[in-house]
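Note sheet for the following structure.
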Amino acid sequence: MSKNTSKKSIKNSSNKIPKTKYKTSNSLKNKTNKDNLLTEEDKIKIKEAFELFDIDNTGKIDPSFVRKAMDDMDYEKTNPLIYKIILNLDTPENEKKGINYNQFLQSFNDIIGDQNSKDGVQRIYNEFIFDSESETITPEILKSVSEKIGNKLTDEEIKIIFENASSNGKDISFEDFYKVIQNSHL
């Protein structure tokens, strides 16, 4: 893959890069199996993002080039989940060989987690906890995360979420979160 592509062309295409949202109830209904947690819509967006960076149409992308583009677009701050996925792909081995679409897609699936297992739900829950002193999701954390993933929640929506999900009305523990995820399967 050519690294000579200008930052300008990548930046001009940044609106094509998908923003990830946690869509537990609707997304889970569209899953084909527990190893493939992405909806068809998610896969299309991920494929579009992959093709955006597969400039030479080789079927492989250089993860260090993608990470550089993400850095240039400030994705670490504006979309940390996508940035984390790309960062995990940026290894010396992948840089030498490049990554294909299936590896790219699998990395999204791995980070999102298996929503059918308690460990998978724990991985998703941990994405909300960015304060080492906090072990629960507070309204402030939920508001911040919703803004970062491009799905800004209103104060009223956050209030409703906490009324329905929190066992104590103040914060959402892992057990509260797990119950919500499990109930979304019904």
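Summed over the stretch 91-101, the residues that are without any contact (Cβ under 8 Å) to a residue 40 or more places away in the chain, surrounded by fewer than 18 Cβ atoms within 10 Å (Cβ to Cβ) and either part of a helix (DSSP H, G or I) or touching a helix residue (DSSP H, G or I) at 6+ places or on another chain (Cβ under 6 Å) (or both) give a count of 5. Hey, does the stretch 163-180 have a residue that's within 25 Å of residue 82 (Cβ to Cβ), acidic (Asp, Glu) and at pLDDT 85 or above? Within the stretch 163-180 (the criterion being within 25 Å of residue 82 (Cβ to Cβ), acidic (Asp, Glu) and at pLDDT 85 or above), the answer is no, since none of the residues qualifies. Does the stretch 104-123 contain any residue that is buried (at least 16 other Cβ atoms within 10 Å of the Cβ), modelled with pLDDT of 85 or more, over 30 Å from residue 178 (Cα atoms) and aromatic (Phe, Trp, Tyr)? There is no residue in the stretch 104-123 that is buried (at least 16 other Cβ atoms within 10 Å of the Cβ), modelled with pLDDT of 85 or more, over 30 Å from residue 178 (Cα atoms) and aromatic (Phe, Trp, Tyr). Has the stretch 35-44 got any residue that is assigned by TED's automatic domain parsing to the domain that holds residue 95, farther than 14 Å from residue 105 by Cβ, among the aliphatic types (A, V, I, L, M) and modelled with pLDDT of 80 or more? No - not one qualifying residue is present in the stretch 35-44.
The values are calculated or read from the model by the stated rules, or taken from the named source; none is laboratory data. Just so we're clear, the structure is a prediction, and the values are computed from it rather than from any experiment. Methodologically, a virtual Cβ is constructed for each residue, glycine included, from the backbone with ideal geometry; neighbour enumeration extends over all protein chains shown.
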